[in-house]
Amino acid sequence: MENKTKIAISSTGNNLDNDIDPRFGRCPYFFIIEIEDKKTKHAKAIENTAAQQAGGAGITSAQIVADEGVDAVIAVNVGPRAFDVFSQLEIKIYNTEPCTVKQAVQRFIAGELKEASTPTGPMHMGMSGQNSGAGSGIGKGQGLRNTQEETRCFCEKCKLSMPAPEGKDCSQVNCPKCGSAMKKIE
Ligand SMILES: [Zn+2]
């Protein structure tokens, strides 16, 4: 780990003793935590204004977090869309077991968290804890193909592409990385 890191954590509340919210896109708060020399230097909670959004909350949430300039995200689950945005912004994702925000920070500092290489969690809903068969039972080749037709937006400046936020046209969307207007990929 570098000396200085800024991380985001999905939280059920605005207190460090609150639990991590397993629903990344739908958590009520994000904690933005600055770590320097393996110590928490600064912590703040920001409201996740995307939590109530009808659709595309994962993408909007990812943008909110990216705007804070974080280097990494700690979450229990990150869906494919948010995962896509994070990987293009070179924001690392670390998975953790459910725990409090404070514990997650400690585990991160201790180097106990693993970097996620694939999206986890369901596309359209939060986890309810009873999906014992997660990841199994899906037929071959259906993995990422069972999404509805997806509009994607593209930034010509930094070559970032991402799914269009629900109900928005790409011309209304600014690139989360550089702020330029985006274009629809035809
Ligand atoms: Zn851009």
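FYI, it's all coordinate maths here, none of it is from the lab. Note that the structure is a prediction, hence the values are computed from the model and not measured. Backbone-built Cβ (ideal geometry, glycine too); neighbour counts: all protein chains shown.
Side notes on the structure shown:
- Across segment 46-54, coupling constants 3J(HN,Hα) worked out from phi with the 6.51/-1.76/1.60 Karplus curve, θ = phi - 60°, read 10, 6, 8, 5, 7, 4, 8, 4, 5 Hz, and Gly and Pro carry x.
- Under Karplus coefficients 6.51, -1.76 and 1.60, residue-wise ³J(HN,Hα) of segment 55-63 in Hz, glycine/proline x: x, x, 4, x, 5, 4, 4, 4, 5
- Cβ-derived FRET efficiency at R0 45 Å, Glu186 paired with Thr12, nearest 0.05: 0.65
- For Val173, the residues whose amide H sits under 5 Å from its own are Met182, ignoring neighbours fewer than 5 places away on the same chain, with H placed 1.01 Å from N.
- Annotation: amide H-H contacts under 5 Å for Ala51 (H modelled 1.01 Å from N, sequence separation of 5 or more, or interchain): none.
- Gain upon complete extension [His42, Glu156; 0.36 nm per residue less C-alpha separation]: 37.6 nm
- Expressed as a whole percent, the proportion of Cα-Cα pairs in segment 4-115 lying more than 19 Å apart is 34%.
- Residues whose amide H comes within less than 5 Å of that of Arg152, counting only those at least five positions distant or on another chain, are Ala164, Ile185 (H built at 1.01 Å from N in the peptide plane).
- Across segment 167-176, computed HN-Hα scalar couplings (Karplus, 6.51 cos²θ - 1.76 cosθ + 1.60, θ = phi - 60°) run x, 10, 8, 4, 5, 8, 9, 9, 4, x Hz from first to last residue, x flagging Gly and Pro.
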